[in-house]
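Asker: Handing you this structure, nothing more for now.
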Amino acid sequence: MINERRKGISTIEMLIVIAIVGFLVILIAAIPNSIRLISRARHQSLVREIINKELETKRSIGYINLANGTQTIGDQRLSTLPGGVGETLIEDCDELICTDNEDVKKITVTVSWNEAGSAKQQAVVTFISEGGLN
């Protein structure tokens, strides 16, 4: 008996190779989008950290030392955001909200940056009162 080996590729082997190559193509095509999503999440997290730090700073100053007006945020981390800028707006509480003439300041912290050619902005509004909120 002669032991003959057949040379070539079976249909199943060919289908397995095609499936593996297709999976790799899909995986490689998704990499740029994944990198973009990671970058976006990193930027948003950094913006939240900057805003929270600015709010903590304003709270530690106390109501009596809060002067109305717009102030630029000096956090150095803003430079790591593409086109990152930030400002804090301090103003007296609106009469529709503070109906009993409470001593309350409205604080709006806004951070703006560019994300893939699109302008992004996140703002947080809070209130600081003399003696704390009841």
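Coordinate-derived values only; no laboratory data. Being a predicted model, the structure only gives us computed values, none of them experimental. Positions of Cβ are backbone-derived with ideal geometry, glycine not excepted, and every protein chain shown enters the neighbour counts.
Asker: Kindly write out, for region 20-28 in residue order, the coupling ³J(HN,Hα) from the Karplus curve 6.51 cos²θ - 1.76 cosθ + 1.60 (θ = phi - 60°), rounded to whole Hz, with x marking Gly and Pro.
Answerer: Whole-Hz 3J(HN,Hα) from phi for region 20-28: 5, 5, x, 4, 5, 5, 5, 5, 5.
Asker: Between region 100-132 and region 53-74, how far is it from one alpha carbon centroid to the other, in angstrom?
Answerer: 11 Å
Asker: Counting Lys and Arg as +1 and Asp and Glu as -1, each charge on the Cβ, what is the dipole of the chain about the Cα centre in debye, to the nearest 20?
Answerer: 1340 debye
Asker: In addition: Have a look at L27, L55, T72 and report the one farthest towards the positive end of the charge dipole of region 11-129, computed about the Cα centre with Cβ charges (Lys/Arg +1, Asp/Glu -1).
Answerer: Result: L27.
Asker: Report D for region 39-134 in µm² per second (integer): Stokes-Einstein, Kirkwood Rh on Cα pairs, 4 °C, 1.567 mPa s.
Answerer: Answer from the Stokes-Einstein relation: 91 µm²/s.
Asker: Taking the beta-carbon count within 10 Å as an exposure proxy, list K106, K53 from fewest neighbours to most.
Answerer: K53, K106
Asker: Additional query: Take S45 and V124, extend 7 Å from each Cα along the Cα→Cβ direction, and tell me the distance between the two endpoints in nm.
Answerer: Once both label points are built, they end up 1.6 nm from each other.
Asker: Within the chain, how many Lys pairs sit with Cα atoms under 21 Å apart, leaving out pairs fewer than 8 places apart on the same chain?
Answerer: Lysine pairs meeting both conditions in the chain amount to 5.
Asker: Sticking with this one: Would you mind finding the longest exposed-site-free stretch of the chain, with exposed GluC sites (Glu not before Pro) meaning DSSP loop and at most 13 other Cβ atoms within 10 Å?
Answerer: Longest stretch, sites excluded: 5-94.
Asker: Another question, then. Subtract the Cα-Cα distance of I20 and K7 from 0.36 nm times their separation in residues, and report this length gain in nm to one decimal.
Answerer: Computed gain between I20 and K7 is 2.5 nm.
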